[in-house]
Amino acid sequence: MSKILYTLSVLLALLLIFGCGSEMGYFNLFGNGSGTSFTVEPYFLSGTVEDQQMLEVYFSLLAEETESGYEQFAVIREISHIYLRQREYGKLITFLNNRVHEFPEDPFNTYHLFMIAFSYVQMEAYPVAALYFDRIVKNYPDMMVQGSSIHLACLNQLILIVDDPIKRVWYYEELISRFINQVDPGPVYFMLGQLYETIGEWENAIMAYTLYLPFMGSNVPGFPNADNHAWHMVSFNNSSRNWTFPTLDALVRAVKAALDAGSATRLLQYHARVNFFTRTWEGEDRTNTRTLDLHLADFMRSSRIRYADELDINSNANEAYLRTWGWPGSTSGWYFYFRKIYFPLDPDIHGNWEWAGIYYGERF
């Protein structure tokens, strides 16, 4: 057993057996190498009498060692736990910052800096905490504490508290390259795709969404439609996109002409080949484009389909609705739904319009 650990055990035993007078401001059980007594700065003593006694013991032990090592790390960790329990985050930050400054080559500085960052999180000083978490990941070797990676913990915190999308992309990429087997991959890939969209890196966004697809059904906090979004982006990217129109007027004219001619063949040429939907206004999904393709000709042969002269009043710059009626069945009124395409990856398509779906029944 090393000297410091042996001494630590003896001191703790003495404290338990005899106690230590609260009037003692220093310990003379150890010298500091020069025969003089070691004195603890009053600032660093806080809490109950027992806590103060323990802190004096630990600081005395640290003063005995002039080189960093596991023994000192064990003592520093005990001091840190006392301050955390007391919620003395300012004292913990000061103590550990002094320690890192005094021993810049200490192999345990990864842990010390992490505790500083964690303290700033507890104080809700998130920008300062982020600086420390980032510094650890980029400049200090990883360290396992109780079987968990400090770098992984830092990256998870950075993803939560940093707003800059470019920085967050780097954190997610680091998370994927190093820790993909230790995280839920679905939300990670989807959020990376979102960030790539935000900074305009569309090819990388498609790649991230493609990686997400095997994990569809994942719980992505804040994105209940994550599956639909990822599927749409990937499928649309892989499609011909030859059903789009440069303007809404051109699309509506083509659809109306097909209805006037009673031509299901022409009409079917205009509906989106990707993510075309059919549903009720109440949200009941009836999407089955194969059935629609098979029966549209029969519907149009047996009935004369009419349409409104103008688009529905609820239409806007990005979405439009055309009321049609005369379809067979209990819901003879169908609203054709047109959507402006958002796909910056292809400038020739971005901003075009597509017939994206049908709503069954009258709109209330």
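The values are calculated or read from the model by the stated rules, or taken from the named source; none is laboratory data. Computed from a predicted structure; not experimentally measured. When we count neighbours, we look across all protein chains shown, and the Cβ atoms used for this are built from the backbone with ideal geometry, even at glycine.
Please work out which residue is farthest from P344 (Cα to Cα), limiting yourself to the range 168-182 and to residues that are free of Cβ contacts under 8 Å to residues at least 12 places away in the same chain and of a type outside the set (S, T, Y). Full working, then the answer.
Pass one, the range 168-182, residues free of Cβ contacts under 8 Å to residues at least 12 places away in the same chain: 170, 177, 180-181.
Applying the additional criterion that residues be of a type outside the set (S, T, Y) yields 170, 180-181.
Details: W170: 22, I180: 29, N181: 32 Å.
If we take residues in the range 168-182 being free of Cβ contacts under 8 Å to residues at least 12 places away in the same chain and of a type outside the set (S, T, Y), then N181 is farthest from P344 (Cα to Cα).
With respect to the numbered conditions (1) over 30 Å from I199 (Cβ atoms); (2) outside any loop (DSSP other than H, G, I, E, B); (3) modelled with pLDDT of 90 or more, which one is the sole condition not fulfilled by L294?
(3)
Exactly one condition in (1) in contact with a Pro (Cβ under 7 Å, 6 or more places away or on another chain); (2) surrounded by fewer than 19 Cβ atoms within 10 Å (Cβ to Cβ) is not met by N352; state its number.
Among (1) in contact with a Pro (Cβ under 7 Å, 6 or more places away or on another chain); (2) surrounded by fewer than 19 Cβ atoms within 10 Å (Cβ to Cβ), the lone unmet condition for N352 is (2).
In the set V220, V252, which member is in contact (Cβ under 8 Å) with a residue 12 or more places away in the chain and assigned to a helix (DSSP H, G or I)? Quick ask: steps written out before the conclusion?
Values: V220 fails: assigned to a helix (DSSP H, G or I).
Selected residue: V252, the only one of V220, V252 that is in contact (Cβ under 8 Å) with a residue 12 or more places away in the chain and assigned to a helix (DSSP H, G or I).
Please specify each residue of the range 196-231 satisfying the condition of being farther than 15 Å from Y172 by Cα and β-branched (V, I, T). Show your work before the answer.
Filtering the range 196-231 for residues farther than 15 Å from Y172 by Cα gives 200, 202-203, 206, 210, 213-219, 221-231.
Listed by number, the residues that qualify are I206, T210.
Being closer than 19 Å to W243 by Cβ, of a type in the set (D, E) and without any contact (Cβ under 8 Å) to a residue 60 or more places away in the chain is the filter here; which residues of the range 307-364 pass it?
Scanning the range 307-364 gives E319, D348.
Suppose we filter the range 297-341 for residues that are hydrophobic (A, V, I, L, M, F, W, C), under 23 Å from L248 (Cα atoms) and either in contact with a Gly (Cβ under 8 Å, 6 or more places away or on another chain) or outside any loop (DSSP other than H, G, I, E, B) (or both); how many remain?
Here is the first cut: in the range 297-341, the ones hydrophobic (A, V, I, L, M, F, W, C) are 297, 299-300, 305, 308, 311, 313, 317, 320, 322, 325, 327, 334, 336, 338, 341.
Narrowing further to those that are under 23 Å from L248 (Cα atoms): 305, 308, 311, 313, 317, 320, 322, 325, 334, 336, 338, 341.
From what is left, the residues that are either in contact with a Gly (Cβ under 8 Å, 6 or more places away or on another chain) or outside any loop (DSSP other than H, G, I, E, B) (or both) are 305, 320, 322, 325, 334, 336, 338, 341.
Final tally of qualifying residues: 8.
Of the residues that make up the range 271-279, is at least one more than 29 Å from A230 (Cβ to Cβ) and surrounded by 17 or more Cβ atoms within 10 Å (Cβ to Cβ)? Give the steps one after another, and end with the answer.
Keep residues of the range 271-279 that are more than 29 Å from A230 (Cβ to Cβ), which gives none.
No, the conditions are met nowhere in the range 271-279.
Could you give every pair whose Cβ atoms fall below 7 Å, whose first residue belongs to the range 191-203 and is farther than 11 Å from P344 by Cβ, and whose second residue is small (G, A, S), counting only separations of at least 6 or pairs across chains?
L192/A208; G193/A205; G193/A208; G193/A230; Y196/A205; Y196/A208
Can you pull out the residues in the range 118-173 that are among the hydrophobic types (A, V, I, L, M, F, W, C), touching a Ser or Thr at 6+ places or on another chain (Cβ under 7 Å) and not in a helix (DSSP H, G or I)?
Of the range 118-173, the ones among the hydrophobic types (A, V, I, L, M, F, W, C) are 118, 121, 123, 125, 128-131, 133, 136-137, 143-145, 150, 152-155, 158-162, 166, 169-170.
Cutting the leftovers down to touching a Ser or Thr at 6+ places or on another chain (Cβ under 7 Å) gives us 136, 143, 150.
Result: M143, single match.
Filtering the range 89-116 down to residues that are in contact with a helix residue (DSSP H, G or I) (Cβ under 8 Å, 6 or more places away or on another chain) and not in a helix (DSSP H, G or I), which residue is nearest to D51 (Cα to Cα)?
It comes out as F108.
Do we have any residue at all in the range 271-278 that's touching a Leu at 6+ places or on another chain (Cβ under 9 Å) and in a helix (DSSP H, G or I)? Working first, answer last.
Narrowing the range 271-278 to residues touching a Leu at 6+ places or on another chain (Cβ under 9 Å): 271, 276, 278.
Applying the additional criterion that residues be in a helix (DSSP H, G or I) yields none.
Checked against the condition, which is being touching a Leu at 6+ places or on another chain (Cβ under 9 Å) and in a helix (DSSP H, G or I), the range 271-278 yields no hits at all.
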